[in-house]
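This report refers to the structure that appears directly beneath it.
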Amino acid sequence: MGDKEVDMIQMKGSKNNVVLIGFMGCGKTTIGTKLAFLLKQECLDTDKLLEKKCGKSVSSIFAEEGEEVFRQMETELLQELIQRKRKGVFSLGGGTPVRPENRALLKELGGVVYLRIRPETVYERLKGDVTRPLLRCENPLERIKQLIKEREEAYCSCADVIVDVDEMPMDDIIDEIVFGLRKSGR
Ligand code: S3P
């Protein structure tokens, strides 16, 4: 049996959840779905859970209630998810780790993986996307650069594993996550 398979089997046996963080467009949901499939677990996307709870899209929550209300909902959702008994892979909204209290909650929730991405890659991936209210502006690339710069420290400070995803194929990203979490003891 190869080292990768051994790592994957040990991940399946671990008590921890996997928590994916990173900027918009880094692939949290796509990677989370594949990883959860391999681990035979559920993938939970916090944006989707909040949309279901509120009965409206993230864009509508931002437009009608404002960003602060959305951020408070994210914190409350993390508190609920910590109580959950079943293990899973969690894909978080890109801004969740910005609140210090959320970073503490993330660490409690499971092994935290930061999927790091360059601003130019985000821009290319999300050109034309209309679902991210924070990027609906005149100069999205500048906004992406600014937000990543502001958030980088928050992302790094709560990550157990950091994977640079820009040019990396999906299977390699998954291998790095599994190997990294095992090495970190999470
Ligand atoms: C946000 C990221 C979005 C969503 C909301 C705010 C952010 O999630 O939570 O639009 O502040 O970076 P994704 O990272 O899944 O796009």
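The values are calculated or read from the model by the stated rules, or taken from the named source; none is laboratory data. All values derive from a computational prediction rather than experimental measurement. Methodologically, a virtual Cβ is constructed for each residue, glycine included, from the backbone with ideal geometry; neighbour enumeration extends over all protein chains shown. The accessibility values were calculated without ligands, DNA or RNA, using every heavy atom of the protein model including side chains. Shrake-Rupley method; radii C 1.70, N 1.55, O 1.52, S 1.80 Å.
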Might you report the magnitude of the Cβ-based charge dipole of region 3-184 about its Cα centre, with Lys and Arg at +1 and Asp and Glu at -1, to the nearest 20 debye?
600 debye
Helix 28-39: inclination vs the chain longest Cα principal axis, degrees, rounded to 10, gives 20 degrees
Exceeding 27 Å between C-alpha atoms, which entries from my cross-link table qualify? They are LYS107/LYS149; LYS48/LYS183; LYS56/LYS127.
LYS48/LYS183
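Compute the accessible area per residue over region 3-184, keeping the other protein chains in place, probe 1.4 Å, unit Å². All intermediate terms of the calculation are to be shown ahead of the outcome.
Numbers: 9460 Å² over 182 residues.
For region 3-184, the solvent-accessible area averages 52 Å² per residue.
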Exposed GluC sites (Glu not before Pro) absent: longest stretch of the chain, with sites in DSSP loops and at most 16 other Cβ within 10 Å deemed exposed:
1-137
Using a cut-off of 23 Å between alpha-carbon atoms, which lysines can reach LYS53, once sequence neighbours fewer than 8 places away in the same chain are excluded?
LYS28, LYS85, LYS87
Counting helices only, and only those DSSP H runs with n ≥ 4, report the 222 nm mean residue ellipticity of the chain as the sum of -39,500 (n - 2.57) divided by its residues, in deg cm²/dmol to the nearest 500.
-18000 deg cm²/dmol
Neighbour net charge for THR29 - beta-carbon separation under 9 angstrom, K R +1, D E -1:
0
Count neighbours as other Cβ atoms within 10 Å of each site's Cβ, and list the trypsin sites (Lys or Arg not before Pro) in region 30-77 that are DSSP loop with at most 10 such neighbours.
LYS40
Cα axis of helix 67-82 to longest principal axis of the chain: angle in degrees, 0 to 90, nearest 10?
20 degrees
Within the chain, what percent of beta bridges assigned by DSSP are antiparallel, to the nearest 5?
0 percent
